[in-house]
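The numbers here are math on the coordinates, done by the rules we state, and not lab data. For clarity, every value in this text was computed on a predicted model and none was experimentally measured. Cβ atoms come from the backbone with ideal geometry, glycine included; neighbour counts cover every protein chain shown.
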Amino acid sequence: MNYVIIGNSVAAVGAIRGIRGVDEKGNITVISRERHIAYGRPLISYLLGGLITEKRMAYLPEEFYEKNRVNLLLDAEVVGVDSARKQVKLAAGDSIGFDKLLVATGGDPFVPPIEGLAGKERIFTFTTWDDAEKLKAIAADVERVVVIGGGLIGLKAAEGLHLLGKKITIVELADRILSAAFDRPAGRVVAKKMKANGIDVITEDTVVRIEGDGARISGVTLKSGDYIPCDTVVAAIGVRPAAGFLKGSKVDVNRGIVVNNSMETSVKGIYAAGDVAEASDFFSGQKNPMPIWPDAYIQGDVAGTAMAGGEKAYVGGLAMNSIELFKVSTISMGITNPVEPKEYEIVTYQDLENYQYRKIVLQDNRLVGAVLVGQVDRAGIFSGLIREKVDVTPFKEHLLAPDFGFIHLTKEIRNTLFAPYGKVA
Amino acid sequence: MKRIYTIEDACIGCHLCEVGCITEHSQSKDPVRAFLHEQVRPLSRCTVEEGDGGVISLSTTCRHCDEPDCLRACISGAIQKNDAGVVRIDTEQCVGCWSCVMACPYGAVQRNLTKKKANKCDLCPDRKSPACVDACPNRALVYKEGSQK
């Protein structure tokens, strides 16, 4: 059996382990357009900010590829997939055959067509190790940076650059930063902390023109008419599934590559996992791209297991993020900001002065979402309650307690989890 | 593999499992030195919870899951499961992002805020049975073979 995996990040790693859990013998080939072995992609802001060295970028123990007998093709780009002949075509011209194929190519940063952008030198995206290296290489010469987009990527780029002593302005179209994961109060807590650290956060506005002569940037003009002087721009609007090379392959691509609960695409034998895939959502069952690190691992594991003939069903993507910005810890998970709040029961605790905030979102006495700012210890207990759809009625009044724990749950649950005769025994 | 289990009804909330854990992971491996004289006292990797004024108590700790949520959430690869099944954290590699804290449904990963490193049970690699189990005076903690999650 020949397994080919396109992409070499966390979903690919989950898939390699998934395959090897079922099939010890088959050939695994991993093709990556990047020149690095698997690295902790979210660590690029730590690398940029000088918090870690290159040595710590490696995501896997050194012997991983050898131990799992993976044939690794780095710096090789796939330009096409021939589903009928079961081959992938490489940019260099050669083709590689497969029995089972996994597409785990992640996302490509999206740079909007802004006036004045063409020909400017210092426009950066921030999703790869090489992006961080490029920014680092010119950092000594950078003074003021405008970051377009106040999502996770934008904020992490801002944090890395701030650590290098740069003056940063974040411009976000929504009414708050991290609008995908946070509600208003949580966004405000973090924005307040960023402002206290000298980072300007402008919301409900966007960059309409990049100013400057030739390749040099002198500033940006916003929709509101404001002008912000800067010499460097980081575009962090978002990513799009990196599935362009599937054109003509008959693989169904919507906003992402559409997959079923085994991560198989519309073409038999071809699978997709991670940020490039559009899999079902934990709550609604609807298909959504879910660019979440742990989820990419799980999807990779499900795909790899299925490719090797094993059985493991995907239970649906559950969004969760742990983000520490300027020493304020935040963890959010599930439905944090329901569109129809009336259908949910929402309880909160706020102490904004001390950067503390807790929000619990319930639906029919089941926990469906949580936001924790500041005190985030044991947040995973909430993710367990969400995944297991536990009825919280007996301990509802304790959910906001800072020391919320298993003691507040029922004895039955405690015994299931920890007793010598429980489910793990 | 062998895992640590808790018999809630036998727990008297004495916290000696935590003392045993801290001592085992201290420099001197001596309780008095660890608690009074060592500059950096380790965090306990097991957590005793008490309720109803101490009427209910139990010690909770890592399950060393076969499909560990902490490992899947770890962005730096610091968390790995070794061949014996022990889920361990490489403190050097950890960047303190708390993704494992977010993911672990057992609440079994602690935040060491001084070192900015995650902290979890390693099943005491230098001992025959874990220090918490040996420290429990009531045999409320059991170290025995268990099946997968």
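Residues A:407, A:386 in ascending order of nearby Cβ atoms (within 10 Å, fewest first): A:407, A:386. Placing unit charges on the Cβ atoms of the charged side chains and taking the dipole of segment A:327-418 about its Cα centre, the candidate lying farthest along the positive direction among A:365, A:386, A:350 is A:386. Basic side chains Lys and Arg get +1 at the Cβ, acidic Asp and Glu get -1 at the Cβ, and with that the dipole of segment A:123-237 about its Cα centre reaches some 360 debye. Net charge dipole, segment B:1-108: roughly 320 debye, given to the nearest 20, about the Cα centre with Cβ charges of +1 for Lys and Arg and -1 for Asp and Glu. Per-residue ellipticity at 222 nm from helix content only, as computed over the protein assembly as shown with -39500 (n - 2.57) for each DSSP H run of at least four residues, stands at -5500 deg cm²/dmol. Inter-chain Cβ neighbour count for B:5-15, averaged per residue, equals 3 (cutoff 10 Å, partner chain atoms only).
Taking A:301, A:403, A:82 as the candidate residues, the one with maximal mean-square fluctuation in a Gaussian network model of chain A, Cα springs under 10 Å, is A:403. Answer with one residue from B:78, B:143, B:25: the one whose Cα lies farthest towards the positive end of the charge dipole of chain B, charges on Cβ with Lys, Arg +1 and Asp, Glu -1. My answer, from the dipole projection, is B:78. A Förster distance of 35 Å, applied to the separation of the beta-carbon atoms of residue A:196 and residue A:366, puts the FRET efficiency at 0.40.
Sparsely packed loop sites in segment A:331-425 (the trypsin sites (Lys or Arg not before Pro) outside DSSP H, G, I, E and B with at most 16 other Cβ atoms within 10 Å) comprise A:389, A:423. What you get for chain A, charging only the Cβ of Lys and Arg (+1) and of Asp and Glu (-1), is a dipole of about 440 debye around the Cα centre.
A simple spin-label model places pseudo-atoms 7 Å from Cα toward Cβ; at residue A:143 and residue A:240 they are separated by 3.6 nm.
Restricting the calculation to Cα atoms, chain B shows an Rg/Rh of 0.95 when the hydrodynamic-style radius is the Kirkwood one.
Were the residues from residue A:54 through residue A:69 laid out at 0.36 nm apart, the gain over their Cα-Cα distance would be 2.9 nm. Ranked by how many other Cβ atoms sit within 10 Å of their own Cβ, fewest first, the residues A:129, A:293 fall in the order A:129, A:293.
Extension gain, residue A:412 to residue A:205: 0.36 nm times the residue separation minus the Cα-Cα distance gives 69.4 nm. Translational diffusion coefficient of segment A:309-413 (Stokes-Einstein, Kirkwood radius from Cα pairs, 37 °C, 0.692 mPa s): 224 µm²/s. Sorted fewest first by neighbouring Cβ atoms within 10 angstrom, B:102, A:57 come out as A:57, B:102. Counting other C-beta atoms within 10 Å, and keeping those with at most 16, which DSSP coil GluC sites (Glu not before Pro) do you find in segment A:362-425? Sparse-neighbourhood loop GluC sites (Glu not before Pro): A:388. Computed over segment A:189-305, the P(r) tail beyond 26 angstrom holds 47 percent of alpha carbon pairs. Distance from the alpha carbon centroid of segment A:116-173 to that of segment A:45-72 works out to 23 angstrom.
Across the options A:157, A:260, A:236, the greatest Cα extent toward the positive end of the charge dipole of the protein assembly as shown (unit charges at beta carbon of Lys, Arg, Asp, Glu) belongs to A:260. Among the GluC sites (Glu not before Pro) in segment A:37-134, those located in a DSSP loop and surrounded by at most 13 other Cβ atoms within 10 Å of their own Cβ are A:62, A:63, A:121. Report, ordered by chain and residue number, the lysines lying within cross-link reach of residue A:268, taken as a straight Cα distance under 30 Å and ignoring same-chain residues fewer than 8 apart. Those lysines meeting the cut-off are A:25, A:67, A:86, A:89, A:100, A:247, A:250, A:287, A:312. Any chance you could list P(r) for segment B:66-120, counting all Cα-Cα pairs in 5 angstrom bins from zero, rounded to whole %? Reading the bins upward from 0: 4, 23, 35, 25, 10, 2, 0. Peptide B:64-75 has a mean of 5 when you count, residue by residue, the C-beta atoms of other protein chains within 10 Å of its C-beta. Taking label points 7 Å from Cα along the Cα-to-Cβ direction, residue A:215 and residue A:92 give a separation of 3.0 nm. Beta bridges from DSSP with both residues in chain A: antiparallel share about 60 percent, rounded to the nearest 5. Within 12 Å, Cβ to Cβ, of residue A:128, how many net charges do the neighbouring residues add up to if Lys/Arg are +1 and Asp/Glu are -1? Around residue A:128, the surrounding residues sum to -1.
Inter-chain Cβ neighbour count for A:54-63, averaged per residue, equals 3 (cutoff 10 Å, partner chain atoms only). For segment B:66-120, relative contact order (Cα pairs under 8 Å, six or more residues apart, normalised by length) works out to 32 percent. Label-to-label distance, residue A:108 versus residue A:84, with points set 7 angstrom from Cα along the beta-carbon direction: 2.6 nm.
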